[in-house]
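Report on the following structure.
The values are calculated or read from the model by the stated rules, or taken from the named source; none is laboratory data. All values reported here derive from a predicted model rather than from experimental measurement. Don't worry about glycine lacking a Cβ; one is built from the backbone with ideal geometry, like all the others, and counts go over all protein chains shown. Please note that ligands, DNA and RNA were not included when accessible areas were found on the heavy atoms of the full protein model with its side chains. Shrake-Rupley method; radii C 1.70, N 1.55, O 1.52, S 1.80 Å.
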Amino acid sequence: MSPHSTPSPSATRDRVPHALLPAELAGPDRAGRRTARDWTVDVLLFGWAVMWWVILFVANQDYDYLPDWLRVVDPVLGGVLCVALWWRRRFPLAVSLAAVPAVALSNTVFGAGMVILLNLAMRVRWRYAVPILVLYLVASAPYVVIYLFPHGDGWASAFFVVAYNLVFFAWGAAIRARRQLIAKLREDAERERAEHARRLADTRRAERAAIAREMHDVLAHRISLLSVHAGALAYRTRQSAAGAGAALSDTEVAESAQVIRDNAHQALEELREVLHVLRAEERRAAGTDPDATPAIA
């Protein structure tokens, strides 16, 4: 059985009472998409209802105080209610309301009626489910008063009718509360995971921003050195050409070019290292291999 929860109401749910809607509109029920577990539970509950139908049908043959018309109607109503269990997931309130006449007139509906009460408490809001429970108790009263009080232990029968209705209803309410608690815990866990992922993404963005600022400072320093050395070399070359200073020797030109080359190479290595870190963060966030070294053309 899938849990019944109370989702945020939409326009459709505002116009129609929640419990009157089919399950796919009333909440995230899996009606129509039963899992293997759902089918197993449904078959077992149907078997439970049919078992009680057979037992009570046989027992009714010994109740000679029942009128003939009731002997005919009783098993028919019980059988119809057993079949109706297959629609209890999708239309919990409709099936519960349709069962009221059977509860009032039939003894063989015991098993199916209990499944319907259990389902009612699980899937329908309290403001709809509790009145239906009261209606079940009121509908059972005439049968008890007319047939059981004069021909048996009426008070014990009345107590039994009240007790099994309340027990199965309370059982369904307990299952509903447990499943709502589990759903709430899952929602909290999902919310916490989403919040953790958001904080992690913010931290990574902050780290990348810090790396970008550091890259900017380092490259600015290296490029400034390149500019200074290149400017000095250009200045000395112009002065030599104009005859205003001593000509640069091949060794001095080579040393200056080597300094410019070394600084350019160092700047390129630092840029490659920073980009490797940034791209590794992106690959880690995307779930790919963070160890691949990016190439710089």
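Report the full-extension gain for the segment residue 86 to residue 164: residue separation times 0.36 nm, less the Cα-Cα distance, to one decimal in nm.
On the way: separation 78, 0.36 × 78 = 28.08 nm, distance 2.20 nm.
Additional length available on full extension: 25.9 nm.
Considering only protein heavy atoms, with the full assembly of protein chains and a 1.4 angstrom probe, order 68, 74 by accessible area, largest first.
Values: 68 120, 74 0 Å².
Largest accessible area first, the list is 68, 74.
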How high is the relative contact order of the stretch 94-189, in percent, counting Cα pairs under 8 Å that sit 6 or more residues apart? 37 percent
Rounded if a/c under 1.5, otherwise prolate or oblate - the stretch 126-176, Cα gyration tensor axes: oblate
Could you sort 251, 108 by accessible area so the largest value comes first, with the probe set to 1.4 Å? 251, 108
Taking θ as phi - 60°, what are the ³J(HN,Hα) couplings along the stretch 180-195 by the Karplus curve (6.51, -1.76, 1.60), each to the nearest whole Hz, with x for Gly and Pro? 5, 5, 4, 4, 5, 5, 5, 4, 5, 5, 5, 5, 5, 5, 5, 5
Ordered by residue, what ³J(HN,Hα) values in Hz, to whole numbers, does the stretch 199-213 give under the Karplus form 6.51 cos²θ - 1.76 cosθ + 1.60, where θ = phi - 60° and Gly and Pro are x? 5, 5, 5, 5, 5, 5, 4, 5, 5, 5, 5, 5, 5, 5, 5
What's the center-to-center distance, using Cα atoms, between the stretch 114-186 and the stretch 68-93 in Å? 17 Å
Compute, for residue 196, the solvent-accessible surface of its heavy atoms (probe 1.4 Å) with the complete set of protein chains present, and express it in square angstrom to the nearest 10. 100 Å²
Could you give the nm distance between label points at residue 72 and residue 156, where each point is 7 Å from its Cα heading toward the beta carbon? 3.3 nm
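So what is the relative contact order for the stretch 42-103, in percent, with contacts set as C-alpha pairs under 8 Å and at least six apart?
That works out to 39 percent.
Mind checking the full-extension length gain between residue 224 and residue 188? Use 0.36 nm per residue of separation minus the Cα-Cα distance, one decimal, nm. Before the final figure, lay out each step's value.
On the way: separation 36, 0.36 × 36 = 12.96 nm, distance 5.35 nm.
Working it through step by step, the gained length comes to 7.6 nm.
Give the peptides 85-96, 51-62, 209-220, 164-175 in descending order of average Cβ contacts within 10 Å, highest first. Walk me through the numbers before you get to the answer.
Working: 85-96: 21.0, 51-62: 14.3, 209-220: 12.5, 164-175: 16.7.
Top to bottom by mean Cβ count within 10 Å: 85-96, 164-175, 51-62, 209-220.
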Label-to-label distance, nm, for residues given as residue 59 and residue 204 (7 Å Cα→Cβ offset): 6.5 nm
Karplus-derived HN-Hα couplings along the stretch 68-83 (A = 6.51, B = -1.76, C = 1.60, θ = phi - 60°), whole Hz, x at Gly and Pro: 5, 4, 6, 5, 7, 6, 3, x, 5, 5, x, x, 4, 5, 4, 5
Tensor-based shape of the stretch 159-240 (alpha-carbon gyration tensor, a/c under 1.5 rounded, otherwise prolate or oblate): prolate
